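The values are calculated or read from the model by the stated rules, or taken from the named source; none is laboratory data. On a predicted model such as this, the values are computed, not experimentally measured, just so you know. In this analysis, Cβ positions are derived from the backbone assuming ideal geometry, glycine residues included, and neighbour counts consider all displayed protein chains. In case anyone asks, the SASA skips ligands and DNA or RNA and just uses the protein heavy atoms, side chains included. Shrake-Rupley method; radii C 1.70, N 1.55, O 1.52, S 1.80 Å.
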Amino acid sequence: MKEVLKLEDVKKHYLMGDSTVKALDGVDLSVNEGEFVAIMGPSGSGKSTMLSILGLLDSPTSGRMIIRGKQVSHASEDELARLRGKEIGFIFQSFFLVPTLSTTDNVALPMMLYGVSEKERRTRAKKLLEQVGLGDRADHMPSELSGGQRQRVAIARALANDPAILLADEPTGNLDSKSGAEILKLFKKLNDEGITIIIVTHDPGVASIVKRTIHLKDGVVEKEERRKKE
Amino acid sequence: MNNKDLIAYTIKGMKHRQLRSWLTILGIVIGIASVVIMISLAQGIQGDIQASLDKLGSNYVAIAPGSLNIGSAFQFGPPKLKGILTVRDAEAIARVEGVTDVSKNIVLSFTPVEYKKEVVNTNVIGVTPSAYKKFLTIGLEKGRFIEDGDASGIVIGHNIATDLFDEEIKVGTPLTIKDKTFRVTGVLNSFGQGGNNVDDSIFLDERAARLIAGDSFDKNRVSSILALTDGKTPPSEMSEKISDRLRSLHKVKKGDEDFTVLTAESIAQQVGQITGLLTLFLGGVAAISLLVGGVGIANSMFTNVLERTREIGILKAIGASNKEVLQLFLTEAGIIGLIGGLIGIFLAVLASFAISAFGVSSGVSIGVALFALIFSIGIGMLSGYYPARNAARMPPIQALRYE
Ligand SMILES: Nc1ncnc2c1ncn2[C@@H]1O[C@H](COP(=O)(O)OP(=O)(O)O)[C@@H](O)[C@H]1O
Ligand SMILES: [Mg+2]
């Protein structure tokens, strides 16, 4: 199996006056292509910090991170921006769509930043929206959509540049249980189609669809569970 | 991102924040419109004054009684107004080398003029026709100028012919000035703005004017003297020569003159001082409004960037580089500056049409408009630059967490 992502002894410390908050305190992780990994743990255990570092939204205090064999610890800001746009699709708990842009424009945005032609990104955005079940909402504004629909748009946007990996931080946290279940089903479907996914969640239901669950506590990996292939 | 993408993204955002966008644009509009109006107005006033000076030609020296130096009007102490000019002075000036013609002027202001039982008061001015004719370059609309010694002919200003009486006064019409009847030999062209009442005056021979004035006007006195020069000697030198002659006649020392000598050049200079002050004042007012506009824009840009910190975080999270984020905000600032500048200039053009209707010619020159547009785009981008650059450098996670 090909390794897409690797963390080596990653630490993230925050200096708060005299004390140090150790949000991550030496985490190792290796994720292979096509995996579906859940990260669980109590609030404040460092889940979001870990995912932000994996998504290149934040930099670790120490440790190494490798994406598709490339060391990113010393990448320049421009290289990081390019990697965020190309290799990673990030999905947030509160969707974070651009409110001034239509559904299609939101999905097309990462392609625009990546330099894809307008015609091509329209076609692809349309296809992606159909893929997440929103083919009939192409011209809606985010404010005209339900939470579950907005999260689908966010997922379509995360898939725009065909990334190596999808990262989702509590993607169902702001949704009712029915929409949440549908979003999880969508993730399952995408993973079945071959996309690598790492999802932070409190939802015990997720455990039944993922093959691997990592439990964090106080900034370290407390235990890891692997489900046998059925 | 190419320019088309940048502009499309920005326009969508601005449409979404319409009220705020228009308010920011309004700030620029006010600043730019007032600057353009002020500068154009100052230019227009200067142009008008220059144009009326040009109509009088430049080869003349005017001598008025008393010393009233416009240039010293800003100094303390009362100006000396005493002093009279005489026929002897005029004759002496005529003998100064370089002087070709001399007009002895007798000004009878507020003199009753009658036509068909209708009596109106206006300026009646006695001149030496042969000399004054050369000075008054506006020319005649109808008829001819009076001759020297003409006891019954008058030349009337444009407004006298058309506006003063119920009926239009034509060449050949008899007018009665203080019991004496004259015949109109010619009507002058309109002088227009700043013509020192030429349009509202009646001109006649100096001796005829003395007859009208009677004993109330001393037979040796003249109201003012106008000397025409050959144009070979510079006006300032002519003015000095004439002053010299008058000083020795009046037995006064330099600085104690009881007369004032003016040339086209010195009048232009003194008027220039006044309009220069006016331009400075208008420019100052305009600069203040531009400054206020500029602070307003800077403030709007700052809040705009602050309010969109989350959006910056989103853009960075999905692959935008710092440079691209900065470009987006500068594009917005530039578009706001462009629209604000264009509307401001448009309003200024409308306003200057309105001002022109009140008699002051004021037109927006291409140069001023171009300067205003560049300034407006520049101030927009400059004030947008610092907050946008700071926001663009923020780590994405921090920008996303921003409330
Ligand atoms: N910017 C920050 N400054 C200081 N402390 C932080 C910051 N971000 C996170 N932390 C701390 O790091 C720890 C882990 O936070 P986080 O990764 O958000 O936890 P989780 O997502 O598991 O709830 C918490 O104790 C939190 O208070
Ligand atoms: Mg969290």
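Before moving on, here are some points about what is shown:
- Cα-centred dipole magnitude for region B:84-257, charges only on beta-carbon of K, R (+1) and D, E (-1), debye, nearest 20: 500 debye
- Candidates B:G367, B:G231, B:G172: whichever shows maximal mean-square fluctuation once chain B is modelled as a Gaussian network with Cα springs under 10 Å: B:G367
- Near B:K316, once Lys and Arg are set to +1 and Asp and Glu to -1 for all other residues with Cβ below 13 Å from its Cβ, the sum equals +2.
- Residues B:V261, B:V127, ordered by accessible area of protein heavy atoms at a 1.4 angstrom probe radius and largest first, appear as B:V261, B:V127.
- When A and B come together, around 2200 square angstrom of accessible surface is lost from both chains combined, probe 1.4 Å.
- Centroid-to-centroid separation of region B:1-43 and region B:207-234 [C-alpha atoms, Å]: 61 Å
- Per residue, the convex hull spanned by the Cα atoms of chain B measures out at 203 cubic angstrom.
- Applying 1/(1 + (r/R0)^6) with R0 = 56 Å to the Cβ-Cβ distance of B:K219 and B:V292 gives a FRET efficiency near 0.30.
- Between B:A51 and A:E222, the FRET efficiency from the beta-carbon distance, with R0 = 56 Å, is close to 0.05.
- Remark: region A:1-111 carries a charge dipole of roughly 80 debye about the Cα centre, counting +1 on each Lys and Arg Cβ and -1 on each Asp and Glu Cβ.
- With the biggest extent put first, the Cα atoms of region A:99-230 measure 47, 32, 30 Å across the principal axes.
- Whichever lysines have a C-alpha closer than 21 Å to that of B:K117, once near sequence neighbours (fewer than 8 apart) are set aside: B:K170, B:K178, B:K180
- Springs join every pair of Cα atoms under 10 Å in this Gaussian network model of chain A, and among A:G85, A:G148, A:G17 the largest mean-square fluctuation is at A:G17.
- Ordering B:A92, B:N189, B:P235 by Cα displacement along the dipole of region B:84-257 toward the positive end leaves B:A92 in first place; charges were set at the Cβ atoms of Lys, Arg (+1) and Asp, Glu (-1).
- 1.4 Å probe, heavy atoms, protein only - residues of region B:297-332 losing at least 10 Å² accessible area vs chain alone: B:R310, B:E311, B:I314, B:L315, B:K316, B:A317, B:I318, B:G319, B:A320, B:S321, B:N322, B:E324
- Estimated dipole of region A:49-177 in Debye, rounded to 20 [Cβ of Lys and Arg +1, of Asp and Glu -1, Cα centre]: 380 debye
- Protein-protein interface of region A:100-125, residues with accessible area decrease of at least 10 Å², isolated chain reference, 1.4 Å probe: A:T100, A:L101, A:D105, A:L109, A:P110, A:M112, A:L113, A:E118, A:R121
- Mean Cα-pair separation over length for chain B, i.e. relative contact order, pairs under 8 Å, 6 or more apart, %: 28 percent
- Dipole orientation for chain B: of the candidates B:V305, B:N105, B:V155, B:V305 has the Cα lying most toward the positive pole (charges on Cβ; Lys, Arg +1; Asp, Glu -1).
- Residue among B:G255, B:G149, B:G344 with the largest mean-square fluctuation in a Gaussian network model of chain B, springs linking Cα atoms under 10 Å: B:G255
- For a straight C-alpha distance cut-off of 19 angstrom, the lysines reachable from B:K134 (same-chain residues fewer than eight places away being disregarded) are B:K55, B:K104, B:K142, B:K232.
- Region A:22-116: trypsin sites (Lys or Arg not before Pro) falling in loop per DSSP and having at most 15 other Cβ within 10 Å: A:R68
- Inter-part distance where region B:154-178 and region A:163-201 are each reduced to a Cα centre, Å: 98 Å
- Think of a 1.4 Å ball rolled over the protein heavy atoms: the protein assembly as shown then has 48 Å² of accessible area per residue.
- Inter-label distance, nm, simple model (7 Å from Cα along the C-beta direction), A:E130/B:K82: 10.6 nm
- Area projected by the alpha carbon convex hull of the protein assembly as shown, averaged over all directions, nm²: 44.9 nm²
- B:R401 versus B:I7: modelled label distance in nm, points set 7 Å from Cα along the beta carbon direction: 4.0 nm
- Residues of region A:34-64 that bury at least 30 Å² of accessible area once all protein chains are present, compared with their chain alone (1.4 Å probe, heavy atoms only, ligands and nucleic acids left out), are A:L57.
- Counting only DSSP H runs of at least 4 residues, each contributing -39500 (n - 2.57), and dividing by the residue count of chain B, the helix-based mean residue ellipticity at 222 nm comes to -18000 deg cm²/dmol.
- When the protein assembly as shown is described by a simple charge dipole with +1 on each Lys and Arg Cβ and -1 on each Asp and Glu Cβ, the residue from A:L113, B:L342, B:G66 located farthest towards its positive end is A:L113.
- The label-point distance for B:S58 and B:S109, in a model that sets each label 7 Å from Cα toward Cβ, rounds to 3.0 nm.
- Per-q log10 I(q)/I(0), chain A, q = 0.15, 0.18 Å⁻¹ (Debye; single scatterer per alpha-carbon; no solvent): -1.02, -1.40
- Loop-located trypsin sites (Lys or Arg not before Pro) in region B:181-221 whose Cβ has at most 12 other Cβ within 10 Å (DSSP): B:K219
- Residue-span extension gain [B:R389 to B:A354] - 0.36 nm each, minus C-alpha spacing: 8.3 nm
- Surface share of carbon and sulfur [accessible, 1.4 angstrom probe, percent] for the protein assembly as shown: 57 percent
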